[in-house]
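Have a look at the structure below, then the notes.
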Amino acid sequence: MPVVNSYSILDFYALPEEIHVELINGRYYEMPVLGAMHQDLASYFHILIGEFISELGIDCKIYEGSVNVMILQDDYNMFQPDLMIVTDKSILGKREVYGAPDFVLEIISDEMRRAAIDEKVECYERAGVKKLLIVDIKNRSLTVYDHDGNSYNCEQYGFVGNMDMNLLGGQVVMDLEKIGCIADEYGKFID
């Protein structure tokens, strides 16, 4: 995708710490401070996947929240996924990840995040992120993107029942109704 604006990684690093943005294809997208619902959902996935990783004894890093990812290792993209797993420790830096995590979770809990998601999916695909989950609170859906080596295959689920997900050579059973229950706790706040 062509770079639309001239913002770069250097501009990104020059921002004051209180400015929360992601740099996507040379444009800034404001990312408001995460609310309680967003944190509850990220924590649910972190605990579920963290226990799975621990049981299998997988050597990896799992990050929730504000760890930057230079996803395409270029000057125009710096993301902050809600959760990620990295097995290739050679891409870990002191402040960020340089390259494609094995797994990424993005939670769409507000319109600012919704505006950026299509471009982020395209970048994740180009970078080769093996598994991408997008939880869309407003539309009550979970979309799973599996990278086949060339492009993404995707499936969409509602917040009903359970879903078996292949991850890092094992099976994670995800309670989709639990995701719906967390969203319902905050239903009156969903825009």
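Observations on the structure shown:
- Rg/Rh (Cα only; Kirkwood hydrodynamic radius) as it applies to the stretch 18-97: 1.00
- Entries in LYS61/LYS138; LYS61/LYS178; LYS94/LYS178; LYS89/LYS178; LYS89/LYS131 that, when Cα-Cα distance is taken, lie over 23 Å: LYS61/LYS138; LYS61/LYS178; LYS94/LYS178; LYS89/LYS178
- Solvent-accessible surface of the stretch 50-191, averaged per residue with a 1.4 angstrom probe and all protein chains in place: 48 square angstrom.
- Carbon + sulfur, % of accessible area of the chain - ligands and nucleic acids excluded, 1.4 Å: 48 percent
- Orientation-averaged projected area, Cα convex hull of the chain (nm²): 10.7 nm²
- Cα centre as origin, Lys/Arg/Asp/Glu Cβ charges: the chain dipole, Debye: 180 debye
- For the chain, built as a Gaussian network whose Cα springs stay under 10 Å, the top-fluctuating residue of GLN80, GLN171, GLN39: GLN171
- Computed over the stretch 89-168, Cα set: Rg, Dmax in Å: 13.4, 40
- Exposed-loop-free span, longest in the chain, where GluC sites (Glu not before Pro) count as exposed if DSSP calls them loop and at most 11 other C-beta atoms lie within 10 Å: 19-191
- Of the DSSP H helices in the chain, those whose Cα atoms cover at least 24 Å axially and whose Kyte score averages -1.0 or more: 36-56
The values are calculated or read from the model by the stated rules, or taken from the named source; none is laboratory data. Treat the numbers as computed from the prediction; the structure is a model and nothing was measured. Positions of Cβ are backbone-derived with ideal geometry, glycine not excepted, and every protein chain shown enters the neighbour counts. All accessible areas refer to the heavy atoms of the entire protein, side chains included, with ligands and DNA or RNA removed. Shrake-Rupley method; radii C 1.70, N 1.55, O 1.52, S 1.80 Å.
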